[in-house]
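The structure appears right after this line, and notes come after that.
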Amino acid sequence: MLITGASRRSGIGFAVARRLLDGGAQVFVQGWTPHDASQPWGADSSGTESVARELGTPYVEADFADPLAPARVVSAARHALGPIDVLVVNHARSGLGRLSELSAEEVDAFLHENVRGSLLLVKEFAAQHDDSRSGGRVILFTSGQHLAPMSREVAYAVSKGALHQATRTLAEELADRGITVNTVNPGPTDTGWGLGEHDPGRVMPFGRWGEPDDVARLVAWLCSDDSRWITGQVIDSEGGFRRWS
């Protein structure tokens, strides 16, 4: 299994990797520590190497702003583990920015890393699967932009919306190779970037924010044979998030 965006212990990628490892999977992770270090919310200082060491997995540092990075990441994972049957595209360029604050360079950066990088990863993953080797899982990640406005994160929301819209098309494209494609919206999840400092109050009916392992449980199920009949779906895993409360 190849999991991108697994460079922070408090992040979703780490939780997914740990849950899949606990289930007996072989896992390869990608991260890009400089992106985490640049975030104003504060990121784990340890970086991808330390996280991978703790997980006991091989890893690669790769910046998906580079159009050649997806091919290198899939190649590195194959070299370490052999053919890859599961691709979890968890990485994302994150950042705030309203419409009036956008620049062409910023829009391009979100589209290149979140959309182009994800599509090319799926392309390279699918290229391993032909008539002699079929079957596999792709799990993408979106955000809540299809459920409510995200006006403080315009470029991010648009890039995540593109993956949402790509889900059915990719699922159709890869169905004949036995590959399912699904997308997860994890909802408000406390990944160490400040959400936990706010009271969930009325907006979270179970009295807490989402935890990375909540998402990891769903991803693990989508990776399993139990989900073999599910493809082309965008699944909201939000704990009953009440946006308008």
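Residues that are surrounded by 18 or more Cβ atoms within 10 Å (Cβ to Cβ): list the helices (runs of 4 or more DSSP H) wholly contained in the range 1-113 that include at least 2 such residues.
Ranges flagged: 12-22, 33-37, 47-55, 69-81.
Tell me, please, whether a residue that is without any contact (Cβ under 8 Å) to a residue 12 or more places away in the chain and of a type in the set (A, V, I, L, M, F, W, C) can be found in the range 63-74.
There is at least one residue in the range 63-74 that is without any contact (Cβ under 8 Å) to a residue 12 or more places away in the chain and of a type in the set (A, V, I, L, M, F, W, C).
Which residue pairs have Cβ atoms under 9 Å apart, sit 6 or more places apart or on different chains, and have a first residue in the range 41-61 that is among the aromatic types (Phe, Trp, Tyr) and a second that is at pLDDT below 95 and open to solvent by 70 Å² or more (accessible area, probe 1.4 Å)?
Pairs that qualify, where the first residue is among the aromatic types (Phe, Trp, Tyr) and the partner is at pLDDT below 95 and open to solvent by 70 Å² or more (accessible area, probe 1.4 Å), are TYR59/GLU49.
Of everything in the range 208-220, what is modelled with pLDDT under 95 and either open to solvent by 100 Å² or more (accessible area, probe 1.4 Å) or over 24 Å from ASN90 (Cα atoms) (or both)? Give them in sequence order.
Within the range 208-220, ARG208 is the sole residue that qualifies.
Condition first: farther than 17 Å from LEU163 by Cβ, in contact with a Ser or Thr (Cβ under 9 Å, 6 or more places away or on another chain) and small (Gly, Ala, Ser). Now tell me which residues in the range 175-223 satisfy that.
ALA175, GLY178, GLY192, GLY201, GLY210
Tally the residues that are part of a loop (DSSP other than H, G, I, E, B), among the hydrophobic types (A, V, I, L, M, F, W, C) and touching a helix residue (DSSP H, G or I) at 6+ places or on another chain (Cβ under 6 Å), restricting the search to the range 189-240.
1
Listed here are the residues, each with its yes/no results for (1) modelled with pLDDT under 95; (2) under 20 Å from GLY11 (Cα atoms); (3) open to solvent by less than 10 Å² (accessible area, probe 1.4 Å).
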{"site": "VAL122", "(1), (2), (3)": "no, no, yes"}
{"site": "MET150", "(1), (2), (3)": "yes, no, no"}
{"site": "TYR156", "(1), (2), (3)": "no, yes, no"}
{"site": "HIS164", "(1), (2), (3)": "no, no, no"}
{"site": "LEU170", "(1), (2), (3)": "no, no, no"}
{"site": "VAL184", "(1), (2), (3)": "no, yes, yes"}
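Being farther than 24 Å from LEU20 by Cα and either free of Cβ contacts under 8 Å to residues at least 12 places away in the same chain or over 18 Å from the mean Cα position of the chain (by Cα) (or both) is the requirement here; does ALA162 meet it?
no
Would you pick out the residues in the range 129-160 that are out of contact with any strand residue (DSSP E or B) (no Cβ under 8 Å at 6 or more places or on another chain), under 30 Å from ARG177 (Cβ atoms) and of a type outside the set (Val, Ile, Thr)?
ASP130, ASP131, SER132, ARG133, GLN145, SER159
Do you know which of the residues in the range 188-222 that are among the aliphatic types (A, V, I, L, M) and in contact (Cβ under 8 Å) with a residue 40 or more places away in the chain is farthest from ARG8 (Cα to Cα)?
VAL203
Please find, within the range 132-148, the residue that is farthest from PRO186 (Cα to Cα) out of those that are part of a loop (DSSP other than H, G, I, E, B) and open to solvent by less than 30 Å² (accessible area, probe 1.4 Å).
The selected residue is GLY135.
The values are calculated or read from the model by the stated rules, or taken from the named source; none is laboratory data. What you see is a predicted model, and the numbers here were worked out from it, not measured in a lab. Note that we place each Cβ from the backbone using ideal geometry, even for glycine, and neighbour counts take in every protein chain shown. To get the accessible areas, we keep the full protein, side chains included, count just its heavy atoms, and leave off ligands, DNA and RNA. Shrake-Rupley method; radii C 1.70, N 1.55, O 1.52, S 1.80 Å.
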